[in-house]
1. Determine the percent antiparallel among the DSSP beta bridges restricted to the range 1-157, to the nearest 5.
2. Which of the listed residues, THR215, VAL194, SER245, is farthest toward the dipole's positive end in the range 134-262, when Lys, Arg count +1 and Asp, Glu count -1 at the beta-carbon?
3. In a shell of Cβ-Cβ distance under 14 Å around PRO125, excluding PRO125 itself, what net charge do Lys and Arg (+1) and Asp and Glu (-1) give?
4. Any idea what the relative contact order of the chain is, in percent, if you count C-alpha pairs under 8 Å spaced at least 6 apart?
5. Rounded to the nearest 5, what % of DSSP beta bridges with both residues in the chain are antiparallel?
6. Net charge within 15 Å of VAL100 by Cβ-Cβ distance, Lys/Arg positive one each and Asp/Glu negative one each, not counting VAL100 itself?
7. Quick check for me: using +1 on Lys/Arg Cβ and -1 on Asp/Glu Cβ, what's the dipole size of the chain about its Cα centre, in debye to the nearest 20?
8. Rounded to the nearest 500, what is the 222 nm mean residue ellipticity of the chain from helices alone, with -39500 (n - 2.57) per DSSP H run of 4+ residues and division by all residues?
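Just so it is clear, none of the values below were taken in a lab; they were calculated from the coordinates. Nothing here was measured: the structure is a model prediction, and the numbers come from that model. Reconstructed Cβ throughout: ideal geometry from the backbone, glycine too, with neighbour counts over all protein chains shown.
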Amino acid sequence: MRSIAMINQKGGVGKTTSAVNISAALAATGQSVCLIDLDPQAHATLHVGASAEQDALSIYDVLVRKASLADACQQLNEHFWVVPSHLDLAAAEVELAGEVGRELILRDRLVEVAGRFDYIIIDCPPSLGILTLNALAAVDEVFLPLQPHFLALHGLSKLLETIDLVSRRLNPKLRLSGVMFCMYDSATRLATEVSRDVDAFFEQARGQQSPWSQTHVFQTRIRRNIRLAEAPSFGQSIFDYSPKSHGAEDYQQFVRELLGGG
Ligand code: ADP
Ligand code: MG
């Protein structure tokens, strides 16, 4: 099983869009996928059209009320499950403040379902708080979505420092395994320059002792595509909403690269 957290403490970089559409593309190849929505805004939950009904268990119940992760999984199609989020999750940080080992709750819950899935994908909130720490302690891999913006690398050192700390104190397996560009506009010089800087940064880190010494900078860029922005309000992945769009093409190609075929 591979477990991957989509992390960037900046909002609006493409974490949720990528978590949902990568999960959907993997499920379409027959891999069994569980998408965990760890953001109180519940955008991934809405994007996949999962119910946010009062009586459905959410990741809030798993973290705070110690419900089992298996009970909170909702099946979306043959190979695709989601653990929904809930607005209540916004209070989890405060509610868990006094609890010993509060960073390790998700890790312990994941053990229960580890054998059931080929992929666990976690959509994280735009912060490095207790929810993101739970994801970092639970997974083996981090994917970092970036917008090719001149501030793209701003905040990267804080993120790397957090990954490094978690890998030393809580989760020795943790690696920054992938960096991906979202909302990429290949026609701009800025995009080309930022992606060159990112390539150079991870190239010089090779061979050093760090969780980013083997980071793969994905060659598949996710282009800016309006269909990707429209799909969430229909509760559909890009493959259901607009299967012939650039967005569908790019996430499909991305998953091919992820699976090692392209
Ligand atoms: P995050 O989860 O990092 O906050 P989102 O995935 O929610 O980022 O993306 C932020 C906004 O940009 C959303 O409205 C989303 O629909 C839109 N978006 C994401 N990726 C693309 C893209 N490749 N092209 C156009 N719009 C996109
Ligand atoms: Mg998001």
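1. In the range 1-157, approximately 15 percent of DSSP beta bridges are antiparallel ones.
2. THR215
3. -3
4. Once divided by the residue count of the chain, the mean separation gives 24 percent.
5. Antiparallel: roughly 10 percent of the beta bridges in the chain.
6. Within the 15 Å Cβ shell, the charges total 0.
7. So the magnitude is around 680 debye.
8. -11000 deg cm²/dmol
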